[in-house]
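Undergrad: My structure is below; once you've seen it, I'll send some questions.
The values are calculated or read from the model by the stated rules, or taken from the named source; none is laboratory data. If you're wondering where the values come from, they're calculated on a predicted model, not measured in any experiment. Every residue, glycine among them, receives a Cβ derived from its backbone with ideal geometry; neighbour counts consider all protein chains shown.
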Amino acid sequence: MAEEKVKLRRTMTPGQMEMIAIGGTIGSGLFMGATSTIKWTGPSVLLAYAFVGLVLYGVMRALGEMIYISPGTGSFADYGDKYIHPFAGYLTKWSNIFQFIIVGISDIIAMSQYLNYWWPKLPDWFSGIIVIAMLTLANLVSAKAYGRLEFWFAMIKVVTIIVMIILGLLVIVLGLGNNWHPVGISNLWTHGGFFTGGFMGFMFSLSVIAGSYQGIELLGITAGEAASPRHAIVKSVKSVIWRILIFYIGAIFVIVSIYPWNKLDAVGSPFVETFTKVGITGAAGIINFVVLTAALSGANSGIYSASRMLFKLSIDKQVPKFFGKLSKRVVPNVAVLTIAFWIALGFIVNSIISVVNKDASNIFVIVYSSSVLPGMVPWFVILLAELNYRRQHPEDLVDHPFKMPLYPLYNYFSLAALAIILVFMFFNPDTRVSVSVGVIFIIIIWFAFRWQLKRDSERAN
């Protein structure tokens, strides 16, 4: 850890860290996937988002408590190693890399499709490679350059959501765009009730929602490059989760209030429709620009996060040393280029297969969704590590200004909720295959860990 702290440069501001966490969590899924999430359970999706948000607030507070004492790059992996088992840290690092490479690939694919809105004849492979090159260069410049780029990506998304919520409330309360006849909120219960999907629909929706929140733990990676880590962490954790909840719940409240949930398929994008409803011409172009930004933000965060974890693996001597090499700008350039290469390779392979065989796209859907389970690994590790950290170091908590609330009950509640979500993913035929792929990934990492232990033991002898 000491070696790592000396090498990495602390240049990120608290504002950049906040926006990175928000940007990593609010992706194109909110803009393009809200309709499908609502179909699972109807208006009660509002409660589902609130419930998962409450669970993840526990994760963020547990993370914040530990980072306050020991901020570092890939900090939650360190906590898993130190307070649970070396395998927990090892799995966390590889899960993070796998998750964000997959996310990066899917976001680049999405981005190339969004560009077709303006340039329909532009080859997807060409636009994808150009964007990957641009994001790679931004990450190679400095952590500050990445932070600045991500700040503006996130700002565009946040402003769009806020404007959409304000316009939506004006439609609901004053009847703006509806001949000044207030729409009201009766759509929340007049089309089959509030819990239209029943208990199973509600539980199935939780896995989709948990997936949409993934990336919130990015604070635990940026902590190693924060200019004032203690101040930044406390400020970010306190505000980020509530902002995300407001954005998600606020936007979806507006959607299910204005439009009957069972007719959203006919609406298309609720965001586009809401802007159009109040007379904003070019709404489709505006939203397309925003979702393009959301995809760029996701891919940008993917390169940053996965490269820092690869760097961390090198520092911990779990991958070759050259992955820990730093440029003159104090950036793990080999790690950045490696992650960018795998994202580019995945994108190119997808492009080739989609041309050769249209039906093969289902394979990639499974692969993409398989990142949900590895993406949840850091949450389990954070909650379990904090429990053991408290038991082992009660002295650190004497004057600690940012303790985990309701300890240990909040830990157990969040752990139980995450476990239940995983169980229902196995019950749901739409997520069973993807979560099974995630399980296979964890088993592979376990065997890789055992092999590494055996190799290290042989070298020591």
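Undergrad: Quick test of your reading of the structure: Phe441 fulfils all but one of (1) outside any helix (DSSP H, G or I); (2) within 21 Å of Phe87 (Cα to Cα); (3) not aliphatic (A, V, I, L, M). Name the failing condition by number.
TA: For Phe441, the exception is condition (1).
Undergrad: Based on this model, can you work out whether Tyr259 counts as surrounded by 16 or more Cβ atoms within 10 Å (Cβ to Cβ) and more than 27 Å from Phe380 (Cβ to Cβ)?
TA: Details: surrounded by 16 or more Cβ atoms within 10 Å (Cβ to Cβ): yes; more than 27 Å from Phe380 (Cβ to Cβ): yes.
When the stated conditions are applied, Tyr259 passes them.
Yes/no matrix, rows are residues, columns are (1) at pLDDT 85 or above; (2) surrounded by 18 or more Cβ atoms within 10 Å (Cβ to Cβ); (3) in contact with a Cys (Cβ under 6 Å, 6 or more places away or on another chain):
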| residue | (1), (2), (3) |
| --- | --- |
| Val163 | yes, no, no |
| Asn179 | no, no, no |
| Gly193 | no, no, no |
| Thr196 | no, yes, no |
| Gln214 | no, yes, no |
| Leu218 | no, yes, no |
| Glu225 | no, yes, no |
| Pro229 | no, yes, no |
| Val240 | no, yes, no |
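Undergrad: Is it the case that Met425 is farther than 26 Å from Trp94 by Cα and surrounded by 12 or more Cβ atoms within 10 Å (Cβ to Cβ)? Outline the logic, then answer.
TA: On the way: farther than 26 Å from Trp94 by Cα: no; surrounded by 12 or more Cβ atoms within 10 Å (Cβ to Cβ): yes.
Against the criterion (farther than 26 Å from Trp94 by Cα and surrounded by 12 or more Cβ atoms within 10 Å (Cβ to Cβ)), Met425 does not qualify.
Undergrad: Ile315 - would you say it is touching an Asp or Glu at 6+ places or on another chain (Cβ under 6 Å), of a type in the set (Val, Ile, Thr) and farther than 21 Å from Ile108 by Cβ? First the steps, then the outcome.
TA: Values: touching an Asp or Glu at 6+ places or on another chain (Cβ under 6 Å): yes; of a type in the set (Val, Ile, Thr): yes; farther than 21 Å from Ile108 by Cβ: yes.
It is true that Ile315 is touching an Asp or Glu at 6+ places or on another chain (Cβ under 6 Å), of a type in the set (Val, Ile, Thr) and farther than 21 Å from Ile108 by Cβ.
Undergrad: Here's another thing I want to ask about it. So, in the stretch 276-295, of the ones that are assigned to a helix (DSSP H, G or I) and among the polar types (S, T, N, Q), which residue ends up surrounded by the most Cβ atoms within 10 Å (Cβ to Cβ)?
TA: Per the criteria, the residue is Thr293.
Undergrad: Still on this structure: So, in the stretch 299-354, how many residues would count as being hydrophobic (A, V, I, L, M, F, W, C), closer than 23 Å to Ser371 by Cα and part of a loop (DSSP other than H, G, I, E, B)?
TA: Adding up the residues that qualify gives 1.
Undergrad: If only one of Lys157, Lys144 is in a helix (DSSP H, G or I), charged (D, E, K, R) and closer than 30 Å to Met425 by Cβ, which one is it? Please lay out each step first, then the result.
TA: Numbers: Lys144 fails: closer than 30 Å to Met425 by Cβ.
Being in a helix (DSSP H, G or I), charged (D, E, K, R) and closer than 30 Å to Met425 by Cβ holds for just one of Lys157, Lys144, which is Lys157.
Undergrad: Same structure again: State which residue pairs qualify: first residue modelled with pLDDT under 90 and inside the stretch 420-444, second residue of a type in the set (Lys, Arg) in any location, beta carbons under 9 Å apart, and separation of 6 or more residues or different chains.
TA: Cβ pairs passing all conditions: Met425/Arg432; Phe426/Arg432.
Undergrad: Ok, one more. Mind listing just one residue for me: the one in the stretch 170-216 that is of a type in the set (Val, Ile, Thr) and closer than 29 Å to Asn96 by Cα and, of those, nearest to the chain's Cα centre (by Cα)?
TA: So the residue we want is Ile216.
Undergrad: It is to be established whether one or more residues within the stretch 183-190 are farther than 28 Å from Ile286 by Cβ, in a helix (DSSP H, G or I) and not β-branched (Val, Ile, Thr). It would help to see each step written out before you state the result.
TA: At the first step, the residues of the stretch 183-190 found to be farther than 28 Å from Ile286 by Cβ are 186, 189-190.
Still in the list and also in a helix (DSSP H, G or I): 186.
Those left that are additionally not β-branched (Val, Ile, Thr): 186.
There is at least one residue in the stretch 183-190 that is farther than 28 Å from Ile286 by Cβ, in a helix (DSSP H, G or I) and not β-branched (Val, Ile, Thr).
Undergrad: Can you confirm whether the stretch 301-308 contains a residue that is of a type in the set (A, V, I, L, M, F, W, C), under 29 Å from Ser112 (Cα atoms) and either touching a Gly at 6+ places or on another chain (Cβ under 7 Å) or at pLDDT 75 or above (or both)? Show your work before the answer.
TA: Initially, the stretch 301-308 is screened for residues of a type in the set (A, V, I, L, M, F, W, C), giving 303, 306.
From the residues that got through so far, the ones that are under 29 Å from Ser112 (Cα atoms) too are 303, 306.
Filter again for either touching a Gly at 6+ places or on another chain (Cβ under 7 Å) or at pLDDT 75 or above (or both), leaving 303, 306.
Yes.
Undergrad: Could you list, in sequence order, all residues of the stretch 135-154 that are of a type in the set (Ser, Thr, Tyr) and either at pLDDT 85 or above or surrounded by fewer than 19 Cβ atoms within 10 Å (Cβ to Cβ) (or both)?
TA: The initial filter retains those residues of the stretch 135-154 that are of a type in the set (Ser, Thr, Tyr), namely 136, 142, 146.
Those that are of a type in the set (Ser, Thr, Tyr) and either at pLDDT 85 or above or surrounded by fewer than 19 Cβ atoms within 10 Å (Cβ to Cβ) (or both): Thr136, Ser142.
Undergrad: Moving on to the next point. Would a scan of the stretch 389-401 turn up a residue that is under 23 Å from the mean Cα position of the chain (by Cα), hydrophobic (A, V, I, L, M, F, W, C) and surrounded by 12 or more Cβ atoms within 10 Å (Cβ to Cβ)?
TA: For the stretch 389-401, residues under 23 Å from the mean Cα position of the chain (by Cα), hydrophobic (A, V, I, L, M, F, W, C) and surrounded by 12 or more Cβ atoms within 10 Å (Cβ to Cβ): absent.
Undergrad: State whether the residues of the stretch 119-134 include one that is of a type in the set (Gly, Ala, Ser), within 30 Å of Ala417 (Cα to Cα) and in contact with a helix residue (DSSP H, G or I) (Cβ under 7 Å, 6 or more places away or on another chain).
TA: Filtering the stretch 119-134 for residues of a type in the set (Gly, Ala, Ser) gives 127-128, 133.
Filter once more, keeping what is within 30 Å of Ala417 (Cα to Cα): none.
No, that holds for no residue.
Undergrad: Kindly establish whether Gly24 is small (Gly, Ala, Ser), under 21 Å from Ile162 (Cα atoms), surrounded by 24 or more Cβ atoms within 10 Å (Cβ to Cβ) and at pLDDT below 85. Lay out the reasoning, then the answer.
TA: On the way: small (Gly, Ala, Ser): yes; under 21 Å from Ile162 (Cα atoms): yes; surrounded by 24 or more Cβ atoms within 10 Å (Cβ to Cβ): yes; at pLDDT below 85: yes.
Considered against the rule, which asks whether it is small (Gly, Ala, Ser), under 21 Å from Ile162 (Cα atoms), surrounded by 24 or more Cβ atoms within 10 Å (Cβ to Cβ) and at pLDDT below 85, Gly24 comes out as yes.
Undergrad: Of the residues Ser327, Ser314, only one is within 24 Å of Thr92 (Cα to Cα), in contact with a helix residue (DSSP H, G or I) (Cβ under 8 Å, 6 or more places away or on another chain) and hydroxyl-bearing (Ser, Thr, Tyr); which? Full working, then the answer.
TA: Working: Ser327 fails: within 24 Å of Thr92 (Cα to Cα).
Exactly one residue qualifies, and that residue is Ser314.
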